[in-house]
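Asker: One structure is given below, represented as structure tokens, and several questions about it will come after.
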Amino acid sequence: MAFQDWMKQANLIGGDWVGADGGETIDVTNPVDGSVIGTVPKGGRAETARAIDAAAAAFPAFRDISLMERCGLLWKLHDALMDHQKDLAELLTVEMGKPLAEAMGEIAIGAQYVRWFAEEARRAKGEIVPAGVNGRRILVTKHAIGVVGMITPWNFPSSMLARKVAPALAVGCTVVAKPATATPYSGLAWGALAEEVGYPAGVVNVVTGSAREIAGAIMDDARVRKVTFTGSTEVGKELIRQSADTVKKVSMELGGNAPFLVFDDADLDRAVEGAMVSKFRNAGQTCVCANRIYVQSGIHDAFVERLVEKTRAMKVGDGREKGVEQGPMIDMDAVEKVEAFVEDATSKGAEVVTGGGRHGKGGTFFEPTVMTGATQAMRFASEEIFGPLAPIFRFETEEEAIEMANDTVYGLACYAYTADLGRAFRLNEGLQYGMIGINSGLITTVEAPFGGVKESGLGKEGGSQGLEDYLETKYVCVDGI
Ligand code: NAP
């Protein structure tokens, strides 16, 4: 097979691959040069309603298959992902732009989530709780929540669905997924994979098209009992408001503004390596990317020198070319946003040490950039950059660093480099973030609960907590024993 075989130019609804009712389509482009690689249906309310019908109809029978059958399907799904890893990765690179090696990693971690939840499903245990009176027993039981609506972003178009589809299917829920319009094929591929491994029709449905209409149909429908969203805080807040009318359970994986703290006692090589991966992976377009790099005075100049050296050595280009470490940005809006951050910071006294503008390759390529002299008054101190710009702030004391790090509405990931064990514990307690990397710039792993605090979201993905989000808890009181 080739990656084109996974480019489904149709929606999966109730086991059928179909177009939009009116036959309308949306072009899908390769961000490397803007060329059109194919189309997908421009679905809306009517198509989504049919997908919900199919998911609701499939739910009772799917929920009731045996646990081992459900786990068996997930094992097959894991194997299918790994068998087709190269093609699925190439598809991802072609529609999204990230280097092929990163896309291979994304498919692999998606498969790991599937395997993890196949294992966790066997531990979705309830409890028997001591009753306060004689003759009574209290049983707490866990149940699949029902039809789940899933809305995902373009920056990790495959693995963001993995973290939702896998736990949902593991406990017996059915799915209506809406992938991002910029990167729909990696989302549609989940439908094709589910079909290939034998999920019954209607268990996994994937609809592309108008975000407002599809999300509107999902949010308005009382049969959808849970919505899981990954994307911007702005849209997430809107969905939380909309969920009120039918009182849906929601999981929200929203924006970040990660501080990356480097203390004088840090291992310099390790800190620079961590900053490179945390900042420049996916061209800086990850929710856990280092957004603000705070470096203590004593190590500041050495850190900047080493970081600049490594940044200058990065190979920028088409993600499918060998050795490329940074691809294009997703679109021109993203480029203009980063340019505006550079301009704002420069006008307030920051200095561009390397990069600073559009890359000579043209299109949406942007130079890997390092700026020094950053301050809390600059826009990137409070906003998500989502691009390959590393602003360096200087600090003197631990207290000052913690205060600046927490000075944001976001609370997703943060990082700190130090050799002082006591400080590591103080940071863990003082930093208001859902995830903390101590001496590590890459912390996503299936065993741990991924998710933020404050305006970065609600709920967790991965870990045992990631399964809990798709379960309802009931209690039965048996009396007169
Ligand atoms: P986005 O604009 O919020 O879009 C995310 C998804 O929501 C897309 O499928 C999009 O559809 C849909 N959408 C857009 N407007 C909507 C509306 N009014 N109602 C319902 N759905 C709507 O975010 P993005 O630009 O794709 O992704 C980047 C953001 O995601 C960043 O803020 C990043 O930090 C965050 N993110 C968070 C995590 C995490 O785990 N916390 C992980 C990855 C990314 P269309 O594509 O059709 O517009």
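The values are calculated or read from the model by the stated rules, or taken from the named source; none is laboratory data. Worth saying up front: this structure is predicted, and the values here are computed from it rather than measured. Note: ideal-geometry Cβ built from the backbone for every residue, glycine included; neighbour counts use all protein chains shown. All accessible areas refer to the heavy atoms of the entire protein, side chains included, with ligands and DNA or RNA removed. Shrake-Rupley method; radii C 1.70, N 1.55, O 1.52, S 1.80 Å.
Asker: What residues have an amide H closer than 5 Å to that of GLY14, excluding those fewer than 5 places away on the same chain, when H is modeled at 1.01 Å from N in the peptide plane?
Answerer: GLY202
Asker: Specify whether the C-alpha gyration tensor of the stretch 129-177 places it in the rounded, prolate or oblate class, a ≥ b ≥ c being the square roots of the eigenvalues: rounded for a/c under 1.5, otherwise prolate if a/b is larger than b/c and oblate if not.
Answerer: Prolate shape, in that a/c is at least 1.5 and a/b is the bigger ratio.
Asker: What's the extension gain from ALA313 to SER297 if we count 0.36 nm per residue and subtract their Cα-Cα distance?
Answerer: 3.2 nm
Asker: Taking only protein heavy atoms and a 1.4 Å probe, what accessible area per residue, in Å², does the chain have with all protein chains in place?
Answerer: I get 39 Å² per residue for the chain.
Asker: ³J(HN,Hα) across the stretch 98-103 via Karplus (A = 6.51, B = -1.76, C = 1.60, θ = phi - 60°), whole Hz, x for Gly/Pro?
Answerer: Karplus-based 3J(HN,Hα) across the stretch 98-103 equals 5, x, 4, 4, 5, 5 Hz.
Asker: Further question: Only bridges with both residues in the stretch 305-400 count here: give the DSSP antiparallel percent, nearest 5.
Answerer: Here the antiparallel bridges make up roughly 45 percent for the stretch 305-400.
Asker: Per-residue accessible area for GLU69 at 1.4 Å probe radius, Å² rounded to 10?
Answerer: Its heavy atoms expose roughly 110 Å² to the probe.
Asker: Another question, then. Sorted by average packing, counted as other Cβ atoms within 10 angstrom per residue and highest first, what order do 209-216, 47-54, 70-77 take?
Answerer: The most tightly packed comes first, giving 47-54, 70-77, 209-216.
Asker: Run through the DSSP bridge list for the chain and note the antiparallel percent, rounded to the nearest 5.
Answerer: 40
Asker: Using θ = phi - 60° and the Karplus curve 6.51 cos²θ - 1.76 cosθ + 1.60, what whole-Hz ³J(HN,Hα) does each residue of the stretch 289-296 get, with Gly and Pro shown as x?
Answerer: 4, 4, 9, 9, 9, 9, 10, 5
Asker: To continue, here is another question. Could you name the aspartates and glutamates in cross-link range of LYS178, using Cα to Cα under 12 Å and dropping any fewer than eight places away on the same chain?
Answerer: Correct list for LYS178: GLU47, GLU213.
Asker: Would you work out which of LEU254, ASN291, LEU307 lies farthest towards the positive end of the dipole of the stretch 233-312, given +1 charges on the beta-carbon of Lys and Arg and -1 on that of Asp and Glu, about the Cα centre?
Answerer: With unit charges placed on the Cβ atoms, the residue in question is LEU254.
Asker: Based on DSSP H runs of at least 4 residues, each adding -39500 (n - 2.57), what is the mean residue ellipticity at 222 nm of the chain after dividing by all its residues, to the nearest 500 deg cm²/dmol?
Answerer: Taken over the chain, the calculation gives -12000 deg cm²/dmol.
Asker: Calculate one ³J(HN,Hα) per residue across the stretch 47-54 by plugging θ = phi - 60° into the Karplus curve 6.51 cos²θ - 1.76 cosθ + 1.60, and present them in order as whole Hz with x for glycine and proline.
Answerer: 5, 5, 4, 5, 5, 5, 3, 5
Asker: Taking only C-alpha pairs under 8 Å that are 6+ residues apart, what is the relative contact order of the stretch 157-294 in percent?
Answerer: The normalised contact order for the stretch 157-294 reaches 17 percent.
Asker: What's the center-to-center distance, using Cα atoms, between the stretch 99-113 and the stretch 319-345 in Å?
Answerer: 21
Asker: With the cut-off at 1.5 for a/c, could you classify the stretch 1-123 from its C-alpha gyration tensor as rounded, prolate or oblate?
Answerer: oblate
Asker: Under the rule of at least 5 residues apart or a separate chain, name every residue whose amide H is placed under 5 Å from the amide H of ASP407.
Answerer: Here nothing satisfies the definition.
Asker: For the chain, which whole-number percentage of the solvent-accessible area (1.4 Å probe, protein heavy atoms only) is attributable to carbon and sulfur atoms?
Answerer: Ligands and nucleic acids excluded, carbon and sulfur give 51 percent.
Asker: Extension gain ASP344-LEU268, at 0.36 nm per residue separation less the Cα-Cα distance, in nm?
Answerer: 24.4 nm
Asker: Oh, and also: Using label points projected 7 Å from each Cα along Cα→Cβ, tell me how many nm separate GLU69 and ALA57, to one decimal.
Answerer: Once both label points are built, they end up 1.9 nm from each other.
Asker: Next question. Find how much the distance from THR29 to ALA201 grows on full extension, using 0.36 nm per residue of separation minus their present alpha carbon separation; answer in nm with one decimal.
Answerer: 59.0 nm
Asker: What does the C-alpha gyration tensor say about the overall shape of the chain? Classify as rounded when a/c is under 1.5, otherwise prolate if a/b is larger than b/c, or oblate.
Answerer: Judged from the Cα gyration tensor, the chain comes out oblate (a/c at least 1.5, b/c at or above a/b).
Asker: Suppose every K and R has +1 on its Cβ and every D and E has -1 on its Cβ; what is the size of the dipole of the chain about the Cα centre, in Debye to the nearest 20?
Answerer: 1340
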